[in-house]
1. Please report the accessible area of GLU40 (heavy atoms, 1.4 Å probe, ligands and nucleic acids excluded) in Å², nearest 10.
2. What length, rounded to one decimal in nm, is gained on full extension from GLU53 through to SER79, with 0.36 nm per residue of separation minus their alpha-carbon distance?
3. From the Cα gyration tensor of the chain, with a ≥ b ≥ c the square roots of its eigenvalues, which class applies: rounded if a/c is under 1.5, or else prolate if a/b is larger than b/c, or else oblate?
4. With a/c under 1.5 counting as rounded, go ahead and sort segment 89-135 into rounded, prolate or oblate using the C-alpha gyration tensor (a ≥ b ≥ c being the square roots of the eigenvalues; past the cut-off, prolate if a/b is larger than b/c, else oblate).
5. Excluding ligands, DNA and RNA, what is the solvent-accessible area per residue of the chain at a probe of 1.4 Å, expressed in Å²?
6. Rounded if a/c is under 1.5, else prolate if a/b beats b/c, else oblate: with a ≥ b ≥ c from the C-alpha gyration tensor eigenvalues square-rooted, which is segment 39-97?
7. So which helices of the chain fit the span-like rule, where a helix is a whole DSSP H run, its Cα atoms reach 20 Å or more along the axis, and its mean Kyte-Doolittle is at least 0.5?
8. Please report the carbon-and-sulfur percent of the accessible area for the chain; probe 1.4 Å, protein heavy atoms only, DNA, RNA and ligands left out.
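The values are calculated or read from the model by the stated rules, or taken from the named source; none is laboratory data. If you're wondering where the values come from, they're calculated on a predicted model, not measured in any experiment. The area values use the complete protein model at the heavy-atom level, side chains included, leaving out ligands, DNA and RNA. Shrake-Rupley method; radii C 1.70, N 1.55, O 1.52, S 1.80 Å.
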Amino acid sequence: MDEETQLVAQLTLINDIASQVAARLDVSVLLQRAVYLIGETFDCHHVAIFLVEGKMLNLKAIAGAYSAYISPDYAQPLSEGIIGWVISHGEKMIVQDVEVEPRYTPLTTKYPITRSELCVPVTIADHILGGIDLQ
């Protein structure tokens, strides 16, 4: 995808998500739609949103290949995995090869096709609410 096409895709995605926010008040529906759109737009096999609740990361929305293998009430300690590190440190992380990344923790062993991962913290002002995980 060239740079201009990628920019158009990103702006279209942002516009679509903003339209969904205006049309829906149900946060769980909005989050699920957001992960679906991100996965479709950027051709990711897995997208998930986790929110911090105490010392746990709770899965709030998931789309893609792992959806069928992960319980809707999936949670993991904030101290585990790439997503845990990203949220704990407030920094994004791009991993080109998860097999050599010691912080990588697979969400499921039933369908392990992840090769690279991008995690981004979700913040409001200086407060980290959770993170978005793309594989």
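1. 120
2. Once the chain is fully extended between GLU53 and SER79, it gains 8.1 nm.
3. The shape class here is rounded.
4. prolate
5. Values: 8110 Å² over 135 residues.
Ligands and nucleic acids excluded, the result is 60 Å² per residue.
6. Values: a/c = 2.11, a/b = 1.20, b/c = 1.76.
Judged from the Cα gyration tensor, segment 39-97 comes out oblate (a/c at least 1.5, b/c at or above a/b).
7. Membrane-span-like by this criterion, though nothing is claimed about a membrane: 27-42.
8. Ligands and nucleic acids excluded, carbon and sulfur reach 56 percent.
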